[in-house]
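A quick write-up on the structure given underneath.
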Amino acid sequence: MKVYNTLTRKKEEFVPLVPGKVSMYVCGPTVYNFIHIGNARPMIVFDTARRYMEHKGYEVNYVSNFTDVDDKIIAKANEEGVSAQEISERYIAECKKDMADMNVKPASTHPLATQEIGGMIEMISDLVEKGYAYEVNGTVYFRTRKFKEYGKLSHKNLDDLRSGNRSLLVTGEDQKEDPLDFVLWKPKKEGEPSWPSPWSDGRPGWHIECSVMAKKYLGPEIDIHAGGEDLIFPHHENEIAQSECCNGVPFARYWLHNGFLNIDNRKMSKSLGNFFTVREIGEKYDLQVLRMFMLSAHYRSPLNFSAELMEASKNSLERIINAVSNLNHLLGNASGELTEEEAVLIKELDGFEAKFDEAMDDDFNTADAVSAIFELVRFANTSVDEKSSTAFVQAVKDCLVKLCDVLGLIVEKDEEILDEDIEKLIEERQAARKARDFKRADEIRDELQAKGILLEDTREGVKWKRA
Ligand code: AMP
Ligand code: ZN
């Protein structure tokens with residue numbers, strides 16, 4: 001399996017530190033509102049990467065944090081006149097609901113920044129002791145220039161950064177030794193949550209939490225660190241500086257970054273106000289459609305959100321769901337073992353799976369993996385029919401459902417349909433026939449048939465039975 005590593009700017013063969021195991025850290029959201037579909041992109045694409053690695057037999061320890069202490073959370077709390085904790089707890093619960101609806105698996109651990117303050121104070125103390133950090137008036141800064149490899153992830157040169165950062169000198173941070181130094185701990189302001197520390201009553205800077213949580217739950221050296229590409233600089237660059245100066249070993253071996261979800265070719269973001277929440281999209285679509293939309297592009301490419309692409313994703317997903325439903329229907333009537341002809345055909349299934357794996361092995365190319373699934377759908381639609389044996393139909397269905405499951409796509413609907421819903425559809429079909437809308441009438445008959453409901457037109461009216 002090859003992955004593109006932002007650190008080396010190359011696709012590299014993935015070799016985990018411990019054979020058969022993967023340690024993976026994904027930066028999670030700051031919880032002060034409902035998540036938008038831009039935030040959903042890293043959740044979906046890295047969940048898919050995790051599922052694929054599990055499919056390949058790796059045991060994946062997947063850690064993703066919630067940033068629950070931050071200026072924006074405090075601002076929202078003040079706006080509503082409630083505590084910061086109330087805000088963060090509310091939006092963590094909402095975020096978890098969205099994740100479940102997008103079929104994003106819960107992480108092995110979802111640590112919260114506010115629960116890890118002790119570990120952060122320890123790491124900051126360690127950095128001060130080693131000379132990588134210093135305190136001025138209750139604030140602790142990281143001494144950026146002391147870490148010789150600073151800039152290696154974002155491929156930035158320290159002197160370019162310095163000239164770009166000159167403006168910082170006039171923003172009240174002139175107590176820093178160097179404009180490039182960043183905050184590890186800051187003293188509290190009136191009305192802010194705070195914790196005691198050797199330097200001041202205050203709270204941590206943003207970057208330190210991920211260094212601490214990754215170390216605590218995965219160890220000082222991890223396999224994969226991931227997040228959106230806006231995190232490369234300064235967040236991930238700073239995480240590397242903190243972790244490597246403290247631990248003395250390389251932090252993460254592979255750095256994976258997803259491209260932006262754009263709207264009208266601009267990054268979707270809360271600050272620009274050009275966003276849709278996952279919740280809003282969920283009112284219009286099953287969130288499996290959003291997942292399908294995200295997987296239709298490579299995770300590193302920019303992806304432009306549009307109603308047309310969502311409709312196309314909806315249709316694509318429906319094609320797969322219909323194929324599975326049709327296979328289920330055929331299974332209801334099929335019997336017997338593989339015929340000779342089927343024994344030859346069934347070998348093609350390995351080919352579809354190999355194509356799927358080959359795409360995913362190439363830096364998680366989900367777009368090509370989805371194409372392999374569509375080839376399998378075409379195969380199912382053309383090679384399986386009423387005469388097929390149970391063994392054959394089952395094998396085709398299992399292969400299709402398995403590959404969709406690796407992408408986290410739920411394609412097997414609960415086929416249970418209530419009697420009253422059946423009656424309603426039959427009524428609608430009768431009305432359609434009366435209006436000579438035979439297309440709709442047929443659609444309803446097919447829809448019911450796919451759910452295993454057989455209709456019979458009799459003199460007394462329409463009768464139905466479950467197959
Ligand atoms: P935030 O809550 O802003 O820290 O973002 C949480 C995660 O969502 C980070 O990995 C961001 O990089 C990612 N993210 C935010 N906006 C977008 C976007 N428009 N497209 C893709 N990823 C995004
Ligand atoms: Zn982080």
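The values are calculated or read from the model by the stated rules, or taken from the named source; none is laboratory data. A quick note: this is a predicted structure, and the numbers were derived from the prediction, not measured. When we count neighbours, we look across all protein chains shown, and the Cβ atoms used for this are built from the backbone with ideal geometry, even at glycine. For accessibility, only protein heavy atoms count, side chains too; no ligands or nucleic acids. Shrake-Rupley method; radii C 1.70, N 1.55, O 1.52, S 1.80 Å.
Count the net charge of all other residues whose Cβ sits under 11 Å from the Cβ of Glu80, scoring Lys and Arg as +1 and Asp and Glu as -1. Walk me through the numbers on the way to the answer.
Values: positive: Lys76, Arg90; negative: Glu79, Glu86.
Its environment carries a net charge of 0.
Aspartates and glutamates near Lys97 by alpha-carbon distance under 16 Å, same-chain residues fewer than 8 away left out - which ones?
Asp47, Glu89, Glu280, Glu283, Asp286
Round to the nearest 10 and give me the degree value, 0 to 90, for the angle of helix 390-406's Cα axis relative to the longest principal axis of the chain.
Once rounded, the angle reads 20 degrees.
How would you rank 445-455, 400-410, highest first, on the average number of other Cβ atoms within 10 Å across their residues?
Result, highest mean first: 400-410, 445-455.
Working from Cα positions, state the angle (0 to 90°, nearest 10) between the long axis of helix 237-247 and the longest principal axis of the chain.
The two axes meet at around 70 degrees.
Let's see if you can work this out: charge +1 on each Lys and Arg Cβ, -1 on each Asp and Glu Cβ, no other charges. What is the dipole magnitude of the range 276-317 about its Cα centre, in debye to the nearest 20?
Dipole about the Cα centre, nearest 20: 180 debye.
Over the chain, with the other protein chains present, what is the accessible area per residue in square angstrom, probe 1.4 angstrom?
So the chain comes to 47 Å² accessible per residue, rounded to a whole number.
Of the options Asn315, Leu327, Gly131, report the single residue whose Cα projects farthest towards the positive end of the charge dipole of the chain (beta-carbon charges: Lys, Arg +1; Asp, Glu -1).
About the Cα centre, the residue reaching furthest to the positive side is Gly131.
Within the range 1-65, what whole-number % of the accessible surface is contributed by carbon and sulfur, with the 1.4 Å probe and all protein chains included in the calculation? List each step's numbers first, then the result.
On the way: 1170 of 2300 Å².
Accessible surface attributable to carbon and sulfur in the range 1-65 totals 51 percent.
For Thr109 and Glu177 in the same chain, what is the full-extension length gain: residue separation times 0.36 nm, less their Cα-Cα distance, in nm?
Working: separation 68, 0.36 × 68 = 24.48 nm, distance 3.71 nm.
Full extension of this stretch gives 20.8 nm more.
Starting from the Cα coordinates of the chain, work out the convex hull volume and express it per residue in Å³.
Working: hull volume 80.5 nm³, N = 467.
Convex hull of Cα atoms, per residue: 172 Å³.
Report the one residue of Ile208, Ile453, Ala367 whose Cα lies farthest in the direction of the positive end of the charge dipole of the chain (charges on C-beta: Lys and Arg +1, Asp and Glu -1; origin at the Cα centre).
Of Ile208, Ile453, Ala367, it is Ile208.
Counting only protein heavy atoms and a 1.4 Å probe, tell me what percentage of the range 94-164's accessible area is made up of carbon and sulfur. Working shown, then result.
Working: 1470 of 3350 Å².
Answer for the range 94-164: carbon and sulfur cover 44 percent of the accessible area.
Beyond 23 Å between alpha-carbons counts as too far, so tell me which of Lys105/Lys355; Lys189/Lys267; Lys56/Lys216; Lys56/Lys387; Lys397/Lys451 fall in that bin.
Details: Lys105/Lys355 25 Å; Lys189/Lys267 32 Å; Lys56/Lys216 26 Å; Lys56/Lys387 34 Å; Lys397/Lys451 16 Å.
With Cα atoms farther than 23 Å apart: Lys105/Lys355; Lys189/Lys267; Lys56/Lys216; Lys56/Lys387.
Counting Lys and Arg as +1 and Asp and Glu as -1, what is the net charge of the other residues whose Cβ lies under 11 Å from the Cβ of Met360? Walk me through the numbers before you get to the answer.
Numbers: positive: Lys2, Arg51, Lys56, Lys355; negative: Glu353, Asp357, Glu358, Asp361, Asp362, Asp363, Asp368.
So the surrounding residues net to -3.
With the dipole of the chain worked out from charges on the C-beta (+1 for Lys and Arg, -1 for Asp and Glu) around the Cα centre, which of Asn381, Thr67, Phe352 lies farthest toward the positive end?
So the residue we want is Thr67.
Only Lys, Arg, Asp and Glu count, each charged at its Cβ (+1, +1, -1, -1), so figure out the dipole size of the range 115-164 about its Cα centre, rounded to 20 debye. The partial results should precede the final answer.
Details: 8 positive and 8 negative charges, 69 e Å.
The dipole magnitude comes to about 340 debye.
Please give me, ordered by residue number, the GluC sites (Glu not before Pro) of the range 345-441 that lie in loop per DSSP and have at most 11 other Cβ atoms within 10 Å.
On the way: sites: Glu348, Glu353, Glu358, Glu375, Glu386, Glu412, Glu415, Glu416, Glu420, Glu423, Glu427, Glu428; in loops: Glu386, Glu412, Glu415, Glu416.
Sites meeting the loop and neighbour criteria: Glu386, Glu416.
Pop out the carbon and sulfur fraction of the accessible area of the range 289-363 as a percent, whole number, probe 1.4 Å. Present the calculation step by step, with values, prior to reporting the outcome.
Values: 1830 of 3650 Å².
In the range 289-363, the share of accessible area belonging to carbon and sulfur is 50 percent.
Work through the residues other than Trp195 whose Cβ is under 15 Å from its Cβ and net out their charges, Lys, Arg +1 and Asp, Glu -1.
Working: positive: Lys186, Lys188, Lys189, Arg203; negative: Asp68, Asp70, Glu116, Glu122, Glu192, Asp201, Glu209.
Charge balance in the 15 Å sphere: -3.
Could you give each residue of the range 176-184 its phi-based ³J(HN,Hα) in whole Hz, using Karplus coefficients 6.51, -1.76, 1.60 with θ = phi - 60°, and x for Gly or Pro?
6, 5, 8, x, 6, 5, 10, 7, 9
Could you tell me which trypsin sites (Lys or Arg not before Pro) in the range 8-81 are loop residues by DSSP with no more than 10 other beta carbons within 10 angstrom of their beta carbon? Kindly include the intermediate steps, with their values, before the conclusion.
Details: sites: Arg9, Lys10, Lys11, Lys21, Arg50, Arg51, Lys56, Lys72, Lys76; in loops: Arg9, Lys56.
In loop regions of the range 8-81 (DSSP not H, G, I, E or B), the sparsely surrounded trypsin sites (Lys or Arg not before Pro) are Arg9.
Taking the Cα centre of the chain as origin, sum charge times position over the Cβ atoms of Lys and Arg (+1) and Asp and Glu (-1), and report the length of that vector in debye to the nearest 20.
Values: 61 positive and 82 negative charges, 183 e Å.
Charge dipole, the chain, about its Cα centre: 880 debye, nearest 20.
According to the square roots a ≥ b ≥ c of the eigenvalues of the Cα gyration tensor, what is the shape class of the range 381-467, taking rounded for a/c under 1.5, prolate for a/b larger than b/c otherwise, and oblate for the remainder? Let's see the in-between values first.
Details: a/c = 2.34, a/b = 1.98, b/c = 1.18.
Prolate.
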